[in-house]
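What follows is one structure encoded as structure tokens, with my remarks underneath.
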Number of protein chains: 2
Amino acid sequence: MHITILGGAGFLGRKLAAWLATEGALGGRPVSSLTLFDLAAPPPPEGAPFPVHSLAGDLAELPAAAIPPGTEVVFHLAAVVSAAAEADYELGRRVNVRGTDAVIDACRRLTMPTRVVFTSSVASFSGGQGAVLEDNARQVPANSYGAQKAAAELFLADASRRGMLDAVLIRLPTVVVRPGRPNKAASSFVSSILREPLLGLPATLPVPDEFAVWICSPRRAVDWLLHAAAMDTGPMGLDRGVNPPGMSATVGEMLQALDSVRPGASALVERRPDPAIAAIVGGWPAAFNPVRAPALGFAPHESLAELVQAFVDDDLENTQLERNAG
Amino acid sequence: MHITILGGAGFLGRKLAAWLATEGALGGRPVSSLTLFDLAAPPPPEGAPFPVHSLAGDLAELPAAAIPPGTEVVFHLAAVVSAAAEADYELGRRVNVRGTDAVIDACRRLTMPTRVVFTSSVASFSGGQGAVLEDNARQVPANSYGAQKAAAELFLADASRRGMLDAVLIRLPTVVVRPGRPNKAASSFVSSILREPLLGLPATLPVPDEFAVWICSPRRAVDWLLHAAAMDTGPMGLDRGVNPPGMSATVGEMLQALDSVRPGASALVERRPDPAIAAIVGGWPAAFNPVRAPALGFAPHESLAELVQAFVDDDLENTQLERNAG
């Protein structure tokens, strides 16, 4: 089977490509080739037992080679993230909306409905700290990124209904611990307060310790993407979106888990309230009650301490090397 | 105040223009000028006490003159309707989505946030005959028109949050009795079975008599649009959409109301099941429980007999004249 990863240079895209290179198969079937697409040509994963094609370009002007004939699975992870989409309305619309339309148009040209696994976001909901959202909660976004993701969900679900493609839309929690550097996501601090101290570096916390966030680990996010790529979509009906089983944790609980893995590390976190960041993330719901996703086979979450330990095991060394090289 | 009606040649646009021409004011303030925009230049309303500019064009390439500087209210009624958007995916996307983006971009260029009154649709929901939808029901559309309307809602609500404009999104029920001729809306039959017999003409009914529809009269739809143009949007918060207080009626009840206004008229209705029509309208919810809209001042609905009588009073003669002319 041929697989394409859009946003293949991002950290989830790279983890997904590395997983496919190691396993050589998806859903029990061998991978015959892999195409990676991003603004800059993504690096191919090491040791892949199949050919890897890396392409660079603009998602809204998606080249036909990005989703070639015979593509069976497209992981559509490419996005302009929350703070960036808030700062540049045109850019967010171009990538998050027009880009998704380009993916639909590319899939329409193929003969079989391609499985499209799309990363939507918790940012497409509002509700704030007090909310515990059920599976049928309305998406009333409090930011442009969330509005664009929710609209992209509508277009992908409609295209699925029409048989143009076969989408599964995963509303990812805030992914923690992200490797690499802080980025323009308003939620960037949630990873920074764990990652930077583990690197021996200071981090700033723009919200109070009791601030709760709906999170998941990169390991679990990759698991969910892989499950979505191979699952039976028949039981989903018209509703192609799932709220996966993440976990709700306060910043204080995350710092406790940090100290349980690396005693004293949380001393590197400086409290410095930032009203602009708080205004964006404060509108995101702090908890969900996912029932449908577990029933559809999406795996439950591990503990906070396991989440911190997973970063140490999977990403700490590489992140350290990249920092030293940069 | 300057007002623009996009979709000014449609039946709701014409009724709205006629109302403004008669009243000369909106929300207690005089109308200084009116711009009408549609695929073909809309006819100006008779006797308007203000200048009327008629423009023709493509909504997705909206000319700047359609929403000139100083525009205080835009009624955005232009759309590719349900069966047409289902038949031509590109056309629906172009008008219903790109067209709405063009409206947002035109409003962004103005100095004050323009009130944009947008007609969304009951077709953006699914649920079918058994459903009674609450105000917080998720929009899970079962057709491309509904998906495009729901996405347009997201973009207009986000633009409102950003201060680019100030939108009120009305999810109109199926409007009954529509004047004129049958159109490409899948729901066209709901008006035909009342209008055609009142004209002495036969009509076909593609669904069973017990099929229920969420409806409103043109009078009430115009009332709601006018209310939305002048209301205080402060209490709406992030959620700019309302499910207005229409009414749920079965086809059988509508035919009874027809006979109460014109005894024996329902004999002109021929039952002829149409699975394609039934498949589209069968996914639309038959009833809502609107609480928010009445609290925001949207007027409740009149009776079915009043709805039929209103067509006789307002539209029968003109419809007859147009048929004879055509």
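Summary table
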| quantity | calculated |
| --- | --- |
| Identity of the residue in segment A:143-174, among the hydroxyl-bearing types (Ser, Thr, Tyr) and in a helix (DSSP H, G or I), that ends up nearest to residue A:307 (Cα to Cα) | A:145 |
| Residue count, segment B:1-51 (criterion: among the polar types (S, T, N, Q) and in contact with a Leu (Cβ under 9 Å, 6 or more places away or on another chain)) | 2 |
| Conditions (1) within 16 Å of the chain's Cα centre (by Cα); (2) of a type outside the set (Phe, Trp, Tyr); (3) modelled with pLDDT under 95: number failed by residue B:95 | (3) |
| Residues being farther than 26 Å from residue A:209 by Cα, hydrophobic (A, V, I, L, M, F, W, C) and surrounded by 17 or more Cβ atoms within 10 Å (Cβ to Cβ) - total across segment A:277-326 | 3 |
| Residue tally, condition crowded, with 23+ Cβ neighbours inside 10 Å and farther than 27 Å from residue B:88 by Cβ, over segment B:193-214 | 1 |
| Number of positions in segment A:196-222 that are assigned to a loop (DSSP other than H, G, I, E, B) and among the aromatic types (Phe, Trp, Tyr) | 1 |
| Residues that are surrounded by fewer than 22 Cβ atoms within 10 Å (Cβ to Cβ), outside any helix (DSSP H, G or I) and away from chain A (no Cβ under 14 Å), drawn from segment B:226-248 | B:231, B:232, B:233, B:245, B:247, B:248 |
| Sole exception among (1) surrounded by fewer than 22 Cβ atoms within 10 Å (Cβ to Cβ); (2) among the small types (Gly, Ala, Ser); (3) closer than 23 Å to residue B:29 by Cα for residue B:66, by number | (1) |
| Filter result for residue B:190 (buried (at least 24 other Cβ atoms within 10 Å of the Cβ), at negative phi and not in a loop (DSSP other than H, G, I, E, B)) | yes |
| Residue count for segment A:162-174, restricted to those that are farther than 21 Å from residue A:92 by Cβ, within 14 Å of another protein chain (Cβ to nearest Cβ) and in contact with a Gly (Cβ under 9 Å, 6 or more places away or on another chain) | 0 |
| Qualifying position, being touching a strand residue (DSSP E or B) at 6+ places or on another chain (Cβ under 9 Å) and surrounded by fewer than 22 Cβ atoms within 10 Å (Cβ to Cβ), among A:153, A:134 | A:134 |
| Selection status of residue B:94, among the charged types (D, E, K, R), surrounded by fewer than 23 Cβ atoms within 10 Å (Cβ to Cβ), under 25 Å from residue A:165 (Cα atoms) and within 14 Å of another protein chain (Cβ to nearest Cβ) | yes |
| Count of residues meeting criterion [within 8 Å of chain B (Cβ to nearest Cβ), touching a Ser or Thr at 6+ places or on another chain (Cβ under 8 Å) and not small (Gly, Ala, Ser)] in segment A:144-160 | 2 |
| Verdict on residue A:116 being surrounded by fewer than 24 Cβ atoms within 10 Å (Cβ to Cβ) and in contact with a Leu (Cβ under 6 Å, 6 or more places away or on another chain) | no |
| Hits in segment B:175-185 - residues which are closer than 24 Å to residue B:223 by Cα and either at the interface with chain A (Cβ under 10 Å from one of its Cβ atoms) or in a loop (DSSP other than H, G, I, E, B) (or both) | B:176, B:177, B:178, B:179, B:180, B:181, B:182, B:183, B:185 |
| Close pairs (6 angstrom Cβ cut-off, 6 or more residues apart or separate chains): closer than 17 Å to residue B:147 by Cβ in segment A:97-125, basic (Lys, Arg) anywhere | A:120/A:149; A:120/A:171; A:124/A:149 |
| Residues located in segment A:253-285, provided they are of a type in the set (A, V, I, L, M) and either in contact with a His (Cβ under 8 Å, 6 or more places away or on another chain) or modelled with pLDDT under 95 (or both) | A:276, A:277, A:278, A:279, A:280, A:281 |
| Any chance residue A:100 is closer than 30 Å to residue A:1 by Cβ and either within 12 Å of chain B (Cβ to nearest Cβ) or modelled with pLDDT under 95 (or both) | yes |
| Lone qualifier among B:32, B:144 - being surrounded by fewer than 16 Cβ atoms within 10 Å (Cβ to Cβ), modelled with pLDDT of 95 or more and among the hydroxyl-bearing types (Ser, Thr, Tyr) | B:32 |
| Entirely in segment B:249-326, the helices (runs of 4 or more DSSP H) that have 1 or more residues that are more than 23 Å from the chain's Cα centre (by Cα) and closer than 20 Å to residue B:200 by Cβ | B:251-261, B:316-325 |
| Scope segment B:111-128; condition more than 15 Å from the chain's Cα centre (by Cα) and under 20 Å from residue A:236 (Cα atoms); matching residues | B:125, B:126, B:127, B:128 |
| Pair list, Cβ under 7 Å, 6 or more apart: segment A:242-255 residue among the hydroxyl-bearing types (Ser, Thr, Tyr), other residue in a loop (DSSP other than H, G, I, E, B) | A:248/A:286; A:250/A:209; A:250/A:210; A:250/A:211 |
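The values are calculated or read from the model by the stated rules, or taken from the named source; none is laboratory data. In this text the structure is predicted, and so the values were computed from the model without any measurement. Counting neighbours? That spans all protein chains shown, and the Cβs are built from the backbone with ideal geometry, glycine included.
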